Every structure is written in structure tokens, then in C-alpha cells.
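As C-alpha cells, the structure follows; a few thoughts come after it.
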Amino acid sequence: MDLLLSSYAGEDSPPHGSSDPDSSPTRIPLPSKSAAPNVDDTMLSLTVSGQAHSQVHKPLDPTQHVVSFNPTYDQLWTPIVGPAHPYAKDGLAQGLRNHKLGFVENASIEPFVFDEQYNTYYKFGYAADPSENRYVGDVVGFEKNDGITVYNIPQHEQKKRKLEKKKEMMEENDQVVDAVEVDNPASETWLMNNRKSPWAGKKEVVQGELTEEQKKYAEEHAKKKAEKEGVEREKGESHLDKSTFHGKEEKDYQGRSWIAPPKDAKASNDHCYIPKKLVHTWSGHTKGVSAIRFFPRHGHLILSAGMDTKVKIWDVFNSGKCLRTYMGHNKAVRDIYFTNDGTKFLSAGYDKNIKYWDTETGQVISTFSTGKIPYVVRLNPDDDKQNILLAGMSDKKIVQWDMNSGQITQEYDQHLGAVNTITFVDDNRRFVTSSDDKSLRVWEFGIPVVIKYISEPHMHSMPAISLHPNKNWLACQSLDNQILIYSTRERFQLNKKKRFAGHIVAGYACQVNFSPDGRFVMSGDGEGRCWFWDWKSCKVFRTLKCHDGVCIGSEWHPLEQSKVATCGWDGLIKYW
């Protein structure tokens, strides 16, 4: 160390080892330990001649996070020791680079674990480092608390808290008892001391003890209430089965029913055209119409679900009048669905009931309910499974009934929000459901396990879905004002090339539909218009101003290639 200090003393100091005692090397006082950083001893050395000193570089390990000395500038900027990587840039292999500054490693941590460590750190001062098996922060506190987290309370702490809680409850009970023991201002003792009180001379009536007169009145009141409820129940039951026929006759001269399709009802052409003008308007609902359905295969009748609690069926081919009204629900009707032959249909109402009607007679065959609001009702499209009912409920479940026995045979419970649509695909072996949870789920019929779950950050709720006539595509009405197309094949992928937009449907479950030949996509919107897009080009073909309010439903006639029915919240059904 003397060598080093003498070299720093100045040029006039004689070399070390001189015999002159007066010419001893000048000593420079060393700074205190806290002021000067540690210097690497291996860096500084002198030549054997002692005339000068030189620096020998000690290379730094690039993987080292903590250095126990202060490296020099030259050491810090020394190139990495070893052979250069042939494809490296700035000392890092190009293949490993995923960021402009180098390689960023992905880290995944569960929200619960993050919250636990975050809150633990702010309470106890330490937390687990998720990337390495160690703790950061107050290590002493960690050892003292035995590494507990805010969600991991030790047994002795739990016991202590229980005792404290018990003590608090006992104190509260004591306070209640004290409060009861306080003199009641209306009690006799108090009244004796306060003669001028307005309660003077009046005895306090003890709660629970009724006079004979009061008991008699209570019995009569209960009897009247029970009678009133019984009358209302009878009225309700009679109201359930009510149906009115408005046509001329229920059977014609040949004995055919009024719901029988005309014999000449058949498609004249395979090519569909966009309608241009209004042909007919059906008005009979006193409130908005929420859904319409053409009679299966023939379309000679149209069924409508009204917010005035009624379901009506209208003639399409001949008179154009209402033929029958079905009155069974006591709140707005949400959805309707025909059986394959059209002789029966389902209706779902906000009164939490699903009713199975006979189309011809208007009788309610059966009623189903789980105590929740059904948003969508569907039957299995297979002819041999027409007794199986599926309903999407407000409590996030899809409930399956066997209508012959009236029993619930299956529940599909995976969604996180109310279920809006049920669409059968893949030869009716599977079905797709959409929900308020902004996801699509694909189910194997009869098995309550999701086989495909579609949920992306950009997705919105899809309250209306329709199947393309070729069975290969699903058109989904998205609440961000666009119609998205998903494949019905194994992967159920989004078709990014097909997207239909321009209409305003945010907040409304406007029905989306296809023309029978699959060439056009059709949808109503929130401003009363009906939109038509070309399937191939995705361009808007035409818009029709149909209703004053929301155009909520639209159906293409199954046989008449250029005719479309729309319904709206103005209470009208229009035929174009």
C-alpha cells in the first residue's frame, strides 16, 4: 500500500527504499470507509521496476446481477469475452430478440395470486417474487411472521379474532339489555311521577296480547284475503286457456282445417329478389311486436308474439286478417317457435312461463317453468325429437325438457350471463348458444359439456343468430353494429372476410336472416329500417324504411322469393 501512496504523493518524492530518512514518502490521509467506494485490488498493480503502474482488466460476468466492487469505465465497456455469435446483433442473437431493446420474457400470474402478494406487501412489507423462488422486501418480517400472507391467517390469529368477535357480541347484548331496562316514558311508574303527561291514566298495551274484538277482526280479514286470492287464481287459470278464433269457419266444406296449407303453395323459382314496396300491413297488437315466424315450409300463415301478452296468427295468402289470438301469458311474450309440421308452437313470456300450444284449437297442451325468465325457446329440429324442448334462461342456464313427461332431462350450465340464442348445427348433433357474457359456446346435444368456447376481447354480445341455408355458416348480430359470420365446421372460426355493417342495432336484439337461396343477408335496425346485403360482396344492396320504432324482426317468405315480413315496436307487422 506504501508503493501506491508514494506514487500518488507527487513527482518530487524519492523512490521507495531510499536510505535518506528525511526524504521519506509523503503520506496522504485516507478518506473514511463510508466516503470511498471499494476498489478492485486485482485491477491495480505495478511493474517490477516500480516506475509506473498499469491496469490489468478483469472481465465482468454479463450474467452477474450484483457486483461487489466499483468497476472502471473500461471494464464496463469491455466487449463480451468469447467467440461472437454469428447471427448476433449487439451481443444478442437475432432469433431471441422480440423487442427493440432485446428479449422480453412473458410472465403469467393469476389475478388472485397477484392481489394476494400485492396486499401482503403493503401490509407486511414482503412478497413472493413470482419469477424466482424467493421473497423480496422485509426478509426479517418474513421470518418473524413465518411467511404468512393476508389471505393465509394462522390458527392462533384466527382463534384470537374469534374471541374478540365473541367479546364484541357479548358487549352488544349487554347494551341491548341495558336499553330494555330503561324506564318507558309511557309506563305506570313514569306516569305516576309525571301526572301532567298526555299518557297519564292510560295503560301500556303489551305487544302480542289482542283483545277479543281485535282477534275477531283479524280472523275476518284473513278469511276475506283468502277468498280474494282464490278468485284471482281461478281467473288466472281460466285466462291461461283462453283463445279466440276470428276466421269465418274452422273447417272448410271439404273438412280441412284452417291451418292446412293451400295445395298450390309451392316455390315458383329458386332465385330470390329484394322487395321494393309494401304489400300489406297487419295491425292488431296494442303494443310492440317482439317476434314473427312463418308457418314452416309453406308460409301461408304468420305467427306473431306481442308485448301486449298476446300471440296472434295471421293469414298471408288470402284475406290477410287475424285468424286466432292466443291469450295465456300475463306479461309480454318474448319468443315463439313452430314445430316442424306447424300444428303446435311454443311461446316464452316474461311471466316466466313457456307454453306449448295447439295451433288449430288454441289449447295449451302444457306449461313449463323454472321460475326464471325464458329468453329463447327451441325444439330439436329432428322429426323424431320434436318432444325435446330447449330454453335459454335468465339465470345463465339452458334447460332441456321432455315434453311428453314434463320432466327436466338436462341442464347446460356454463354461461356467465343470460342465454339469448340457441342454434342447431352439424345435422342437429350440436347447438351453438350466445349469451350476455359476450361469448359463444358450442355443445354436443344431450351432453352438458362445452366442446368449443369462443370469447375474444373484441367480441360483443350477440343476441340474434341465424343459420345459412347451406348449413355451413352462422350469421351473428353483434351489438357493435355489425353482423359477423362464423363457420359451423369443427373449428367454428370467424370468417374475417365477411362482415356486414351500416345498420345501428346497439342495444336491440334485431333478428338477422337469410334469403332461402342464401344470396342475401337481412336485418332490421334500431331506426325502423330493414337492411339487405349481398352475401358474396358484403355490400349494402337496399334499405327499406319499415317502422316508426325499432324494426326488431324480419323473416323471408319460404316460398315467395321476393317477399319479406317485418315487425316492429310500433305494433305493426308489414309484408313487403
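For the stretch 424-437, give me each residue that is within 16 Å of GLN493 (Cα to Cα) and either of a type outside the set (Phe, Trp, Tyr) or within 16 Å of the chain's Cα centre (by Cα) (or both).
In the first step, residues of the stretch 424-437 are kept if they are within 16 Å of GLN493 (Cα to Cα); the result is 425-426, 430-434.
Of everything in the stretch 424-437, those that are within 16 Å of GLN493 (Cα to Cα) and either of a type outside the set (Phe, Trp, Tyr) or within 16 Å of the chain's Cα centre (by Cα) (or both) turn out to be VAL425, ASP426, ARG430, VAL432, THR433, SER434.
Considering only the stretch 352-420, give the strands (runs of 3 or more DSSP E) lying wholly within it that have at least 3 residues that are crowded, with 20+ Cβ neighbours inside 10 Å. Explain how you work it out, then say what you get.
Values: elements: 354-358, 364-368, 374-379, 388-393, 398-402, 407-412.
It comes to 354-358, 374-379, 388-393, 398-402.
Please enumerate the residues belonging to the stretch 281-309 that are buried (at least 19 other Cβ atoms within 10 Å of the Cβ), more than 21 Å from TYR508 (Cα to Cα) and either among the small types (Gly, Ala, Ser) or free of Cβ contacts under 8 Å to residues at least 40 places away in the same chain (or both).
Across the stretch 281-309, the qualifying residues are GLY299, HIS300.
I'd like to check something: does the stretch 270-278 contain any residue that is at negative phi and not in a loop (DSSP other than H, G, I, E, B)? Can you show your working first?
Initially, the stretch 270-278 is screened for residues at negative phi, giving 270-278.
Add one more test, that the residue is not in a loop (DSSP other than H, G, I, E, B), and what stays is none.
No, the stretch 270-278 contains no residue that is at negative phi and not in a loop (DSSP other than H, G, I, E, B).
How many residues are basic (Lys, Arg) and either surrounded by 24 or more Cβ atoms within 10 Å (Cβ to Cβ) or part of a loop (DSSP other than H, G, I, E, B) (or both) when one looks only at the stretch 541-573?
Residues flagged as basic (Lys, Arg) and either surrounded by 24 or more Cβ atoms within 10 Å (Cβ to Cβ) or part of a loop (DSSP other than H, G, I, E, B) (or both) within the stretch 541-573 amount to 1.
Being among the charged types (D, E, K, R) and either buried (at least 18 other Cβ atoms within 10 Å of the Cβ) or within 21 Å of SER461 (Cα to Cα) (or both) is the filter here, so list the residues in the stretch 430-449 that pass it. Talk me through it step by step, then tell me what you get.
Going through the stretch 430-449, the residues among the charged types (D, E, K, R) turn out to be 430, 436-438, 441, 444.
Passing the criteria: ARG430, ASP436, ASP437, LYS438, ARG441.
Could you please find all residues in the stretch 105-127 being modelled with pLDDT of 85 or more and of a type in the set (S, T, N, Q)?
GLN117, ASN119, THR120, listed by residue number.
Residue by residue through the stretch 328-351, note down the ones that are surrounded by 20 or more Cβ atoms within 10 Å (Cβ to Cβ) and outside any strand (DSSP E or B).
GLY328, HIS329, GLY342
I need the full set of residues from the stretch 528-562 which are free of Cβ contacts under 8 Å to residues at least 24 places away in the same chain and charged (D, E, K, R), in order please.
ASP534, LYS536, LYS539, LYS545, ASP548
Quick one: would you say VAL521 is over 26 Å from ALA291 (Cα atoms) and in a strand (DSSP E or B)?
no
Which of the residues that make up the stretch 374-389 are out of contact with any Lys or Arg (no Cβ under 9 Å at 6 or more places or on another chain) and of a type in the set (Val, Ile, Thr)? Write out each step before concluding.
Let us first name the residues in the stretch 374-389 that are out of contact with any Lys or Arg (no Cβ under 9 Å at 6 or more places or on another chain), namely 378, 380-385, 387-388.
Selection gives ILE388 alone.
The values are calculated or read from the model by the stated rules, or taken from the named source; none is laboratory data. It should be emphasised that the depicted structure is a prediction, and the values quoted were computed from it without experimental measurement. A quick note on method: Cβ atoms are made from the backbone with ideal geometry, for glycine too, and the neighbour counts reach across all protein chains shown.
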